[in-house]
Every structure is written in C-alpha cells, then in structure tokens.
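The values are calculated or read from the model by the stated rules, or taken from the named source; none is laboratory data. Since the model is a prediction, treat every value here as computed from it, not as a measurement. No Cβ is skipped: glycine too gets one built from the backbone with ideal geometry, and neighbour counts run over all protein chains shown.
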C-alpha cells in the first residue's frame, strides 16, 4: 500500500462547540441588528432635526408603523411555513371599504372592526385552501387572489369613496388618539404582536409552523397536519390584514378602490428585512415588526433631514437586498464553520 | 448467536405475502418477513431488489397492493407514516430527515412536546427529557443546538433518540452506516446492542456484509422483488449470502479482462479545492481501470468534477496525454478527449424529456452540423449506431428517455459520452440503482473499453464492484487520497480501512 498524500496541512483551528454558539448568536443578533440600525437612524435624525422626536413626532412614527406591523406579523407566519401571501394589500383594501360602508350606514364601531376581520378571514381561508389543497406554488395562487380580490373591490366600490366626514366621531378619535405619545392603534398592534410571538414559541402548533417550513418532507413524516397548519397560517394572515383594514380606516378615514394597492410588496420587504427567511423555517415576528418599523420610519426620517421622499423607495430596495445579502453571507460562514468543526470531530 | 427465546415466540411485526407494483414495475412479489423482539434482523439484497419498497411499506409510506401487515399478529392497515409511528415503528434513513432550523430537542419531540398548563410547551422538561435520552444512548449532544450542520452520524443519533422517545418497539435502519466513519459505526452498533437488550426489534439494512455478520442474528434476502430466503446467520458464510443476493457467481458479474497498461493518459498532480479536497495526485494509464473508492462525501465526485472542469480547482494541475488542461473549462476537457459520466444520471446526465437519439446526439452537436444547421439524419444514424452497440432496450429511438429503465438510461448516458471517442473516461457510480443483468453488461462494456486502450477512472461506493473491476484502487478519506492498492492486495478490509481513515496514513 503506497500513500500519495504525504504532507497533510494542519486543519484550521476552530474552538470546540463554536458552531453551536455561532449559530445561536447569529439568530439572536438578527433582531438586535435591525434595532441598532433603527436607533442609529433615529439618533442621527434627531441630531439633524431636534423637532423630530417631539411627542407628535413619536406618535406619527408609531402610527405609521402600526398597520405595516400588523400585516407583517400575519405575513411572517405564512413565510415561516415556506409560503407567501401576496393578496394582503387587496384584503386590506376590501376590508377597509366594507367596514367604512357599514359605518356610513350608521353601524357600530366594534361590529365594523369584527366585520373587517371576518372578511379578512374569508380571504385567508380561500388562499389557504387553494395553497394547501391545490399543491400550487403560493406565489402564483396568491398573485391570482390579489387580482381577484382587487377586481371584486373595484367593481363594488366603483368611483365611490369613504371620507372621515361619513364616519362616527368616536371611531376617528380612536384612530388618532392615544395615551400620551403612544397611539391606541399601536397598542393594539403591540398586543397582537406579543400574543403571536408567545403562541409561536410556546404552543405546539406554533412550533410546527417552523418545522414544516424548515423541512416539509420531515414534517409530513413526523405526522404534522401540514395542510391544516398552512390553512391556519393563511387564515391568521388574512384576519390580521382585515384588522389592519379597519385600523387603516380609523387612522386615515379615507378609503377608495385603490386602498392598499401594492402594499403586499412593502409587507414582504418588511418581513424579509426583519430576518424572516424567505425559504421558511426561521425568523421571528419581532424581527418582522422591527423591519416594518424601520421601513416606515425612513418615510419620516428623510423629510425631517430635508431629503426628497423620492429616495424612500430606492432606500427600501437597498435595505432589502442588503438584508438578503447579509443573511446569505452569514449562512455561508456558519456552514463553513460547522463543516470545519465536523471535519475535526470526524 | 440466535437470541430468540421460546418464551417469546410471537413476531412484533410481520409482513405476509406482500406485493407492490409501481406502474409496470413489480417492486415486491409475495414477500413475507417476521421481526421478533430482542433480535437484529438483516435485510439483504442488491440495489433495486425491493428493500426500500419493503421498508416504506413497514413505515406506512406505501400501501401494499396485496398481502397483510401484522402487528402483534393482528392485521393492520397504515394510512400514513403517523399510523406506523403510533404503532411503535421508527425508521432511521441513511440521510435523516430533520428540521435544520430547529434545535435537537425540538427535532426529537416535535408534535409530542411535554406540556404545561393551557397546552403550552414545557421547554425545560423537553430539554431534560432530551438530555436523558442522550445519556441513555451514551452520547453527548447539546439539546439546544440547531440540527443544521450536524454530521450524518449525529443526525442518526437524533433520529434514534426520537424513536426512543415514543417507545418504538421496531427500529428500521436503512443503510445507517453508509456515510459513517469507523468510530461512528462502532458507536452506532453500541447503541443498537443496547436497544436489542432492551427488547426492541431491529431491521438492519447494509451493503457491508461484515456488518451484517457482526450485529445481526437473522437475515432475509430479496432479489428482483422476490423473497429468496429468511434464515439464521449462524453458520452462514459471506459467500453464501452473496450467492443468495446476486443469484450467480461473482466472476460472471465482473468480467474483467487482463490488459497490459500503456502510457499515462490522465495525470492529476496535487489537485486542491479549498475545503473540499486536498493535494490529490494520481495517474491513469491507457488500458487501465482505476477504481476510486471511499465513503459518501469523501470528495471523490468533487475531484472528478474538478478534473473535468465543471468546478474550478485552487491549486495543482491536470494533464491529458501530456497536455495541460485549463482550469474550469469542460469544453476544452472534452475536446482533449475526456468524458465524464456523472453520478446522478437523471439530474446531470440526461435531459429526461428529450428523445434517446437527441440525448446521445448532445455531445456531438458540433460534429453533426451541415452549413450551420443540425443534420438530423447524421444525428440519428450516429445515435442509432451507439444505441445498438450498447444494446439499449427501447421501443423507438425517438422515445423520451424517461420511458426507459434505470439501467437503459445509464447506457444512454454512456453512449452519449462514448460517441465523443474519449481517451479518458471517468464514470461516477456507473451501476447505482440498476439491475444485476444490466450491471454485468455495463461492466463488460467498461472492460472492453479498457481493452481498446481507453483509460477508465471508476468512482464507486459498491465495494465488490471496485474489487471486481479495478486494476488499481485509489481510496479517499475526508478529501485526501489515503491509499493506493494494487488489484492483488485489494480486499474489502484494506479498502474499507483506508476509506474510514483507520489505516495508518
């Protein structure tokens, strides 16, 4: 027996169990990193414009983020299962109009909100059934429902418009009111966010959403009711889009057939910037909410710094690509580190 | 050796006269099998003998067309994997199916986590239960570590822990050792012995015969979907087992001609691809078949891809007939006379929806051009020529290749590359998943090519194939070439020792 590899180079020195700690740290840091970017941005803006963080300024910042946070929370659940819901913008629009029409007819505010949520649940169920039963890629299915729901909305609404004047005063006051600098709407969003995060971490069905996004085949083998869970995720996403529609109505008091048009892309951006991995199985709703906060704040930061708002979209795009690039690089580095570690142990 | 006691004569799980077909292919024909508690039962058979189908039937993935699955003697129908799991049957696959993003503890207890009030998961209890399982298996793994990046061996441990966590009485292990190193195999066998002593029934599938003799008491052999025998291993020899599996003598399966090796055709010098393989040097001479052995993931395929130019190399050089090949240029390698028949014929070797003639014609597109346009007549006659030479069995040459059997698909890939008239042919797992008859034909073909002066480099995980066909055996272990063994010195032991890194390198 002859040996053809005479001088093996020493393997790179990797401390023991660095793989574990590295992976842990990266996933915990993902949310922290966004928070840091957000804070730095706010501080810089405050230095450049001392009026920025007035009570009204903070309130606007939070109000602007509220609706996106809600929809992004719902969207996260769907993305975690390795799917996507592109119809959230349309769902938001039609729910807002439905609630508005009901209120203009002299309806009760609470019932109006429930109505919007139910309509959202209906849209979510349709999406969920099509995706889970049809075995069709979610991107295509929800692109279809995006246009269908928007189409129905346009036919129904026509050129009509709901204005604040037609809505009950209490409803509008609730939409703009709050406890000092914290708007009621933001409190609702925060409540939903915390409850969802708690559910995802502490309930079996919540963990199963991660499991089936991480490895659908393994999920099936583990006996997880895959279709039921996907249906539930879409229904929840639809419900939050509906709730967001009602809050949109309360906040802006103005809804027409174009409300929520193109919103789905902002939502998906917020989710991805927030570190929810588009291929499923990883990420948190807190991350998605921070992503939403970051994206909406840019809208307020640029004017405060005297930069034209035409830059907003471009900056959103850059953030999105940066987020994905960072995730990819980190994933590769982690993989290499783990490989080296395993090679040493093998 | 037999541990079956008279006090406990009832099989915990049995198959009775099971048949299963996929389209026209009869994967299983009237197969019966009995698994007893406290016994490790081997399932032997060649690739395509029906082992996977049998396992999937036990696991509730496939439903048999005919026959019964008996659980504790009662006929049972599994509607899905969950039913089989609830019945206490666990399958550990060669490549375990874990959730890479979730922790080890979550992987083990997914769907069955210990609960607190209001149905909330008890994370502490889950962690503790995982630690207890790891202790019972005698391994150290951090329950909170994500499954991503675990070695195959550790992933299997997680799967076994999962099986233990729901008190599996039947453990089915599908080629669990294929990708493990020597020490990992020893650890796995320790775990299996513990389980056997605790009264589990184990069904063990392995291509390594010595492992079957080492750990099993009973063996069931399948060939072409039919049951050949089911008997105690006591008193059997490896030759007996091979004869049952193959159904003929080995000489016939490996028709290696003695050829005098000519001058060096392919010379690889200190080839390195960062993190994949390191400092690989070897020669292949005209008329020679050189076997490249090693475990899955040792870097053999990667070396072949780099030599052919599909992947770039970071250091070293490759010479063909004394001419240096350019790094990362497959078309140049082809022009110089190199051909690579890839490992995964469906994904890399063939365009499945294209006809046989066009698939064979793909490598000759430049040669069958007239006035800038494809000469379909020339392409057809060239393809027909090779299809006949290799005895591809097809209805019409215009049929798509996905209508062919695996063996015939492999012949089409070979035809495609032989049509280029290569001086050096690299074949990666040339007979994986094809039936015995076609396998012998492919071997005869390789032997004939070598006799005609082609230099052949054959990558294979099939040890008998390496031993039967190669003039020289190169062995890789974790990205390095660890041994070069002459045909006369090559045995299962010497090759495996080098492949698992047990040899003093």
Given the condition loosely packed, with under 13 Cβ neighbours inside 10 Å and outside any helix (DSSP H, G or I), answer yes or no: does some residue in the range A:169-180 qualify? yes
Selected residue (only one of B:280, B:192, B:246, B:242 is in contact with a helix residue (DSSP H, G or I) (Cβ under 7 Å, 6 or more places away or on another chain) and either closer than 30 Å to residue B:325 by Cα or within 14 Å of chain A (Cβ to nearest Cβ) (or both)): B:280
Here is a list: A:244, A:233. Which entry is under 20 Å from residue B:101 (Cβ atoms), more than 14 Å from chain B (Cβ to nearest Cβ), surrounded by 24 or more Cβ atoms within 10 Å (Cβ to Cβ) and at pLDDT 95 or above? A:233
Would you say residue B:157 is free of Cβ contacts under 8 Å to residues at least 40 places away in the same chain and under 26 Å from the mean Cα position of the chain (by Cα)? yes
Among the residues of the range B:125-139, is any in contact with a strand residue (DSSP E or B) (Cβ under 8 Å, 6 or more places away or on another chain), under 28 Å from residue A:333 (Cα atoms) and in contact (Cβ under 8 Å) with a residue 24 or more places away in the chain? no
For residue B:488, are the conditions met, namely being surrounded by fewer than 20 Cβ atoms within 10 Å (Cβ to Cβ) and in contact with a strand residue (DSSP E or B) (Cβ under 7 Å, 6 or more places away or on another chain)? no
Only one of these is over 23 Å from the mean Cα position of the chain (by Cα) and away from chain A (no Cβ under 14 Å): B:455, B:486. Name it. B:455
Quick test for you: out of B:396, B:502, pick the one residue that is within 14 Å of chain A (Cβ to nearest Cβ) and either surrounded by fewer than 20 Cβ atoms within 10 Å (Cβ to Cβ) or modelled with pLDDT of 90 or more (or both). B:502
Those residues that are surrounded by 11 or more Cβ atoms within 10 Å (Cβ to Cβ) and part of a helix (DSSP H, G or I), I need them from the range B:351-377; list them, please. B:356, B:357, B:358, B:359, B:360, B:361, B:362, B:363, B:364, B:376
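Every residue, every condition in (1) touching a helix residue (DSSP H, G or I) at 6+ places or on another chain (Cβ under 7 Å); (2) in contact (Cβ under 8 Å) with a residue 40 or more places away in the chain, yes or no:
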{"position": "B:11", "(1), (2)": "no, yes"}
{"position": "B:17", "(1), (2)": "no, yes"}
{"position": "B:31", "(1), (2)": "yes, yes"}
{"position": "B:37", "(1), (2)": "no, yes"}
{"position": "B:40", "(1), (2)": "yes, yes"}
{"position": "B:44", "(1), (2)": "yes, yes"}
{"position": "B:61", "(1), (2)": "yes, no"}
{"position": "B:65", "(1), (2)": "no, yes"}
In this structure, does residue B:147 turn out to be under 18 Å from residue A:210 (Cα atoms) and either touching a residue at least 12 places away in the same chain (Cβ under 8 Å) or facing another protein chain (nearest Cβ under 10 Å) (or both)? yes
Residue in the range A:253-266 that is over 30 Å from residue A:313 (Cβ atoms), touching a residue at least 40 places away in the same chain (Cβ under 8 Å) and more than 13 Å from chain B (Cβ to nearest Cβ) present: no
The number of residues in the range A:211-227 that are surrounded by fewer than 24 Cβ atoms within 10 Å (Cβ to Cβ), in contact (Cβ under 8 Å) with a residue 40 or more places away in the chain and part of a helix (DSSP H, G or I) is 3
Looking at A:139, A:68, A:86 in this structure, which one is at pLDDT 95 or above and either closer than 28 Å to residue A:168 by Cα or assigned to a helix (DSSP H, G or I) (or both)? A:68
Residue B:292 passes all but one of the listed conditions (1) at pLDDT 90 or above; (2) within 28 Å of residue B:389 (Cβ to Cβ); (3) more than 14 Å from chain A (Cβ to nearest Cβ); (4) in contact with a helix residue (DSSP H, G or I) (Cβ under 9 Å, 6 or more places away or on another chain); the exception is number (3)
Residue list for the range B:101-117, restricted to those being more than 9 Å from chain A (Cβ to nearest Cβ), part of a helix (DSSP H, G or I) and free of Cβ contacts under 8 Å to residues at least 24 places away in the same chain: B:117
Of all strands (runs of 3 or more DSSP E) fully inside the range B:23-100, the set with 1 or more residues that are within 20 Å of the chain's Cα centre (by Cα) is B:25-35, B:39-44, B:89-92
Pick from the range B:218-236, criterion in contact with a helix residue (DSSP H, G or I) (Cβ under 9 Å, 6 or more places away or on another chain) and either assigned to a loop (DSSP other than H, G, I, E, B) or more than 16 Å from residue B:42 (Cα to Cα) (or both), ranking: modelled with the lowest pLDDT: B:224
Tell me whether the range B:466-475 contains one or more residues that are out of contact with any strand residue (DSSP E or B) (no Cβ under 8 Å at 6 or more places or on another chain) and over 24 Å from residue B:346 (Cβ atoms). yes
Single residue of the range B:163-183 satisfying the filter (at pLDDT 90 or above and in contact with a helix residue (DSSP H, G or I) (Cβ under 6 Å, 6 or more places away or on another chain)) that is nearest to the other protein chains (Cβ to nearest Cβ): B:172
Within the range B:148-179, can you find the residues that are in a loop (DSSP other than H, G, I, E, B) and either buried (at least 23 other Cβ atoms within 10 Å of the Cβ) or in contact with a strand residue (DSSP E or B) (Cβ under 7 Å, 6 or more places away or on another chain) (or both)? B:168, B:169, B:175, B:176, B:177
The residue that is farthest from the other protein chains (Cβ to nearest Cβ), considering only those in the range B:69-99 that are modelled with pLDDT of 90 or more and under 27 Å from residue A:277 (Cβ atoms), is B:98
Filter the range A:191-210 down to the residues that are more than 16 Å from residue A:84 (Cα to Cα) and touching a residue at least 12 places away in the same chain (Cβ under 8 Å), then identify the one that is nearest to the other protein chains (Cβ to nearest Cβ). A:208
Return the residues of the range B:9-51 that are surrounded by 14 or more Cβ atoms within 10 Å (Cβ to Cβ) and modelled with pLDDT under 80; say none if nothing qualifies. B:26, B:46, B:47, B:48, B:49
Check off (1) under 18 Å from the mean Cα position of the chain (by Cα); (2) within 29 Å of residue A:53 (Cβ to Cβ) for residue A:264 and give me the number that stays unchecked. (2)
Among the residues of the range B:237-266, how many are part of a loop (DSSP other than H, G, I, E, B) and either within 22 Å of residue B:50 (Cβ to Cβ) or out of contact with any strand residue (DSSP E or B) (no Cβ under 8 Å at 6 or more places or on another chain) (or both)? 10
